[in-house]
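First up is the structure itself, then whatever we jot down about it.
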Amino acid sequence: MMDKLKIISLLVLLTLVSADFSFSQVRNSKPFNLDFNREILIIGTGSVAAVTAYAIMKNIKPFTPEEISLLDPANVNSFDRGAIGPYTEDHTGDVLLYTAYLLPISFLAYGETKNDFLDLALIYGEVLLIQAGINGIVKGSVQRTRPFVYDDETPLEKKTSTEARISFFSGHTSMTAAISFFTAKVFTEYVDDKTAKILIWSGAVILPAAVAISRVNTNWHFPTDVMAGYVVGALVGYFIPELHKTKVSDNLSIYPFINLNKPTLNVQLKF
């Protein structure tokens with residue numbers, strides 16, 4: 001988990017360094033625009049969430065053999081119980097997730113999105129950072145037992161790993177949904193053709209659904225895990241770029257308040 005957060009944070013920082021920070025000089029024709037105050041607020045929130053997630057995940061204690069022996073599949077709700085089964089490697093889910101990470105590179109293949117690639121890369125970094133933070137906080141707080149832990153055929157070393165206690169919600173599904181919905185949202189703001197929009201959104205809906213099915217079929221997640229992950233990821237992937245359709249420089253101000261005993265960051269939003 002920490003390695004992923006480091007990679008995502010590095011992506012955001014590198015994009016910030018390489019991007020043009022003349023946020024006020026935005027072409028009127030651009031669907032999305034950057035605003036210094038808004039970006040600082042989003043990245044700051046994502047960073048706090050990521051650090052919080054790391055602290056929570058770090059304190060997860062794996063099951064002991066004695067605790068595992070007390071687990072009863074009958075205690076799992078009837079809707080989810082069918083997902084219980086032996087540990088299985090989910091190669092399909094892994095491949096689909098890592099492929100999804102590369103989807104925004106397709107912006108370079110289209111003229112309009114290619115011209116705005118640095119701006120879009122920063123927004124993409126924010127999506128990854130926010131989603132990773134949410135994933136870690138929820139997983140580490142809920143600590144739901146994975147389906148394969150309830151199965152007698154699963155090796156004990158798999159049951160006694162910290163991975164065995166972070167079933168809710170599905171990180172693979174939520175992250176894939178966030179990326180695919182972000183990519184679709186961006187493209188459909190640049191493309192006018194209705195058929196193209198339908199195809200783009202169809203792909204965005206199907207990809208995380210395929211990941212969700214794979215996660216359940218390989219006994220890594222319960223159906224409610226992937227359903228919740230899908231919804232959260234889709235919301236993040238859609239609304240982070242949606243926030244960038246409005247310029248907020250005149251309404252939002254962020255400034256530090258210097259106090260030797262308690263430094264604070266003030267956020268003021270004018271209506």
Selection over segment 131-143 where residues are among the hydrophobic types (A, V, I, L, M, F, W, C) and buried (at least 23 other Cβ atoms within 10 Å of the Cβ) yields a count of 2
Among the listed residues 180, 167, which satisfies the condition of being crowded, with 21+ Cβ neighbours inside 10 Å and either part of a loop (DSSP other than H, G, I, E, B) or free of Cβ contacts under 8 Å to residues at least 24 places away in the same chain (or both)?
-> 167
Of the residues in segment 56-76 that are of a type in the set (S, T, N, Q) and either free of Cβ contacts under 8 Å to residues at least 60 places away in the same chain or more than 19 Å from residue 142 (Cβ to Cβ) (or both), the one that is surrounded by the fewest Cβ atoms within 10 Å (Cβ to Cβ) is 69
Only residues that are of a type in the set (A, V, I, L, M) and either farther than 17 Å from residue 218 by Cα or in contact with a Phe, Trp or Tyr (Cβ under 7 Å, 6 or more places away or on another chain) (or both): list them for segment 157-184, please.
-> 164, 175, 177, 178, 179, 184
Residue among 189, 153 that alone is over 22 Å from residue 86 (Cα atoms), in contact (Cβ under 8 Å) with a residue 60 or more places away in the chain, surrounded by fewer than 21 Cβ atoms within 10 Å (Cβ to Cβ) and not polar (S, T, N, Q) = 189
Here the residues within segment 185-238 that are part of a helix (DSSP H, G or I), closer than 30 Å to residue 149 by Cα and among the polar types (S, T, N, Q) are 214, 217, 224
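Values in this text are rule-based calculations from the coordinates and carry no lab data. All figures in this text were calculated on a predicted structure; none of them were measured in a lab. Methodologically, a virtual Cβ is constructed for each residue, glycine included, from the backbone with ideal geometry; neighbour enumeration extends over all protein chains shown.
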